[in-house]
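One structure is given below, encoded as structure tokens.
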Amino acid sequence: MRIAMNGVTGRMGYRQHLVRSILALREQGGLDLGDGTVLWPEPILVGRREHALRALAERHGLEHVATDVDEVLADPTVDIYFDAQVTSAREEAIKKAIAAGKHVYTEKPTATGLDGALELARLAHAKGIRHGVVQDKLFLPGLLKLKRLIDGGFFGRILSVRGEFGYWVFEGDWQDAQRPSWNYRAEDGGGIVVDMFPHWEYVLHELFGRVKSVHALATTHIPQRWDENGKPYAATADDAAYGVFELDGGTIAQINSSWAVRVNRDELVEFQVDGTEGSAVAGLRDCRVQHRSATPKPVWNPDIPATEAFRDQWQEVPDNGEFDNGFKAQWELFLRHVYADAPYHWDLLAGARGVQLAELGLRSSAQGRRLDVPEIAL
């Protein structure tokens, strides 16, 4: 199978999708479908900078690079188009891939606005192609353990979800920034709301319930940053967002997202879930629980030091299995969907829900009020 991979010179496209997913599948001998068929992925590295593509191809022993997307999409031997470009370039490229009849797998957000994201979902449905959107956080070991707790009824009635995500992204003057400069320019499709709210939509939707309303405050804490060439620029995109989400069933979620926060937690993202029967704190890999029967009885007294080590009162959830790279795991599911008709529901419509939540989050912040999140359909 031949996969056109557009955007592999970028951080996520290269590390997670090319190296840790497609090349990892090749290193394990391909993807065994269980019926005697083994899929062998043959990536075509697509992008604008031919020298960078050729350098990657040489580094990993690959043969095929291309700078003309239209030419690649016209090739009948290409089965799947994958997109990890900047958001502003993604929508048009996916439209071309759909028109060419290629199966589509893409990073998120799928478009810069809900109308465009819905159009992609409708075009793909009408064309009859298979399509999927990366929703990698569902495959993190910590969230897989959390889902195991939910499915086992550990929490009783879930009351609330509190998420903390982020870290300090250096401004780029005295230390290089860890993220590309376009992330901080709204005119280039940057901003933490458009980046992270699509993640929060599918995490909340899949684990706890559909988001019914959003009340968000987005802001730019760091107004000036320095780009990859050391030149200062105005940061026009939001670098922090504070959101409250009402879910079907009455659960309330509160998630803080920030690239201007120093980490004082065990992992870069953590979710605390509180229910009538127990609570859990899940991160990227670990998950800790406290059952109702083991919950202590703190008494507020600010005049004396704390007498209990609260973190020590939580119990680690065991792995009870092996966890593969989340991006690779979802790639495998999508390839099985394409070639073996395996079920798969993380499609372009699911991607559109993420775009919708980001769009409404920015609108809520601008208007200073809570907004309903209507259900969308093809």
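The values are calculated or read from the model by the stated rules, or taken from the named source; none is laboratory data. A quick note: this is a predicted structure, and the numbers were derived from the prediction, not measured. Cβ sites come from the backbone with ideal geometry, for glycine too, and all protein chains shown count toward neighbours. Protein only, heavy atoms only, side chains kept; ligands, DNA and RNA dropped before computing areas. Shrake-Rupley method; radii C 1.70, N 1.55, O 1.52, S 1.80 Å.
Of all DSSP beta bridges in the chain, what percent run antiparallel (nearest 5)? Roughly 60 percent of the DSSP beta bridges within the chain come out antiparallel.
Using heavy atoms of the protein chains and a probe of 1.4 Å, the accessible area assigned to Arg130 is about 60 Å².
Pairs of lysines in the chain whose Cα atoms sit within less than 15 Å of one another amount to 8, provided the residues are eight or more positions apart or on different chains. For region 66-100 versus region 2-39, the inter-centroid distance based on Cα atoms is 17 Å. In the assembled protein chains, Val289 presents an accessible area of approximately 20 Å² (probe radius 1.4 Å). Which net charge results for the neighbourhood of Ala218, defined as the other residues with beta-carbon distances under 13 angstrom from its beta-carbon, given Lys and Arg at +1 and Asp and Glu at -1? Residues close to Ala218 contribute a combined charge of -3.
The mean accessible area for residues of the chain, using a 1.4 Å probe and ignoring ligands and nucleic acids, is 47 Å² per residue. Need the C-alpha centroid separation for region 284-317 versus region 171-250, integer Å. With region 284-317 and region 171-250 each reduced to a Cα centre, they are spaced 31 Å. Note on region 225-312: semi-axes of the ellipsoid equivalent to its C-alpha gyration tensor, largest first and rounded to whole Å, are 35, 19, 14. For region 53-125, the dipole from Cβ point charges (+1 on Lys and Arg, -1 on Asp and Glu) about the Cα centre works out to 200 debye, to the nearest 20. Sequence-distant contacts, meaning Cα pairs under 8 Å at least 6 residues apart, place the relative contact order of region 256-378 at 12 percent. Think of region 169-210 as having a plus end and a minus end, set by charges on the Cβ of Lys, Arg, Asp and Glu; of Pro198, Val169, Asn183, Pro198 sits farthest toward the positive end of this dipole. Only Lys, Arg, Asp and Glu carry charge here, each on its Cβ (+1 for the first two, -1 for the last two); on that basis region 156-284 has a dipole of about 220 debye about its Cα centre. The phi-based Karplus calculation (6.51 cos²θ - 1.76 cosθ + 1.60; θ = phi - 60°) puts the 3J(HN,Hα) values of region 366-372 at 5, 8, x, 8, 7, 10, 5 Hz, whole numbers, x for Gly and Pro. For region 1-77, applying the loop criterion from DSSP together with a ceiling of 10 other beta carbons within 10 Å to the GluC sites (Glu not before Pro) yields Glu63.
When the charge dipole of region 41-164 is built from unit charges on Cβ atoms (+1 for Lys and Arg, -1 for Asp and Glu) and taken about the Cα centre, the candidate among Ile94, Tyr105, Leu149 whose Cα reaches farthest toward its positive end is Leu149. The candidates Asp239, Asp115, arranged from most to least accessible area with a 1.4 Å probe in the full protein assembly, appear as Asp115, Asp239. Put a plus charge on the Cβ of each Lys and Arg, a minus charge on the Cβ of each Asp and Glu, and nothing anywhere else: the dipole of the chain about its Cα centre is then about 440 debye. Normalised Debye scattering of region 117-157 at q = 0.23 Å⁻¹ gives log10 I(q)/I(0) of -0.73, counting only Cα atoms as equal scatterers and leaving out solvent.
Using the Karplus curve 6.51 cos²θ - 1.76 cosθ + 1.60 with θ = phi - 60°, work out ³J(HN,Hα) for each residue of region 236-249 in order, rounded to whole Hz, and write x for Gly and Pro. Computed from phi, the couplings for region 236-249 are 9, 9, 5, 10, 8, 8, 10, x, 10, 10, 9, 10, 3, x Hz. Close amide H partners of His131, meaning residues 5 or more places away or on another chain with modelled amide H under 5 Å apart, are Val104.
Between the residues Val269, Leu362, Gln85, the greatest Cα displacement towards the positive end of the dipole of the chain, with unit charges on the Cβ of Lys, Arg, Asp and Glu, is found for Leu362. Working value for the chain: equivalent-ellipsoid semi-axes of 36, 25, 21 Å, each the square root of 5 times a Cα gyration tensor eigenvalue, largest first.
A crude spin-label estimate for the pair Asp303 and Ala74, with each label 7 Å from Cα along the Cβ direction, gives 8.4 nm.
Per-residue 3J(HN,Hα) values for region 2-12, derived from phi via the Karplus relation 6.51 cos²θ - 1.76 cosθ + 1.60 with θ = phi - 60°, read 10, 10, 7, 10, 9, x, 7, 7, x, 4, 6 Hz in sequence order (x marks Gly and Pro).
Heavy-atom accessible area with a 1.4 Å probe sorts Thr251, Thr236, largest first, into Thr236, Thr251. For region 1-134, the share of accessible area belonging to carbon and sulfur comes to 46 percent (1.4 Å probe, ligands and nucleic acids excluded). Amide H contacts under 5 Å for Leu284: Leu268, Val269, restricted to partners 5 or more places along the chain or on a different chain, H placed in the peptide plane at 1.01 Å from N. The length gained by stretching the chain between Asp341 and Leu371 to full extension, at 0.36 nm per residue less their Cα-Cα distance, is 7.0 nm. Measuring nothing but protein heavy atoms, the accessible surface of region 200-358 at 1.4 Å probe radius is 50 percent carbon and sulfur. On the principal axes of its alpha-carbon atoms, region 35-109 has extents of 37, 33, 23 Å, going from largest to smallest. For region 81-234, the extents of the C-alpha atoms along the principal axes are 52, 43, 28 Å, listed from largest to smallest. Proximity of backbone amide H atoms, modeled 1.01 Å from N, is registered between Gln85 and no other residue at under 5 Å, excluding neighbours fewer than 5 places apart on the same chain. Considering only Asp35, Asp83, Asp248, the mean-square fluctuation computed in a Gaussian network model of the chain, springs between alpha carbons under 10 angstrom, is largest for Asp35. The listed peptides 199-211, 335-347, 161-173, ordered by packing as a protection proxy, come out as 199-211, 161-173, 335-347 (highest mean of other Cβ atoms within 10 Å first). Here region 183-335 is described by how far its Cα atoms reach on the three principal axes: 55, 54, 32 Å, from widest to narrowest.
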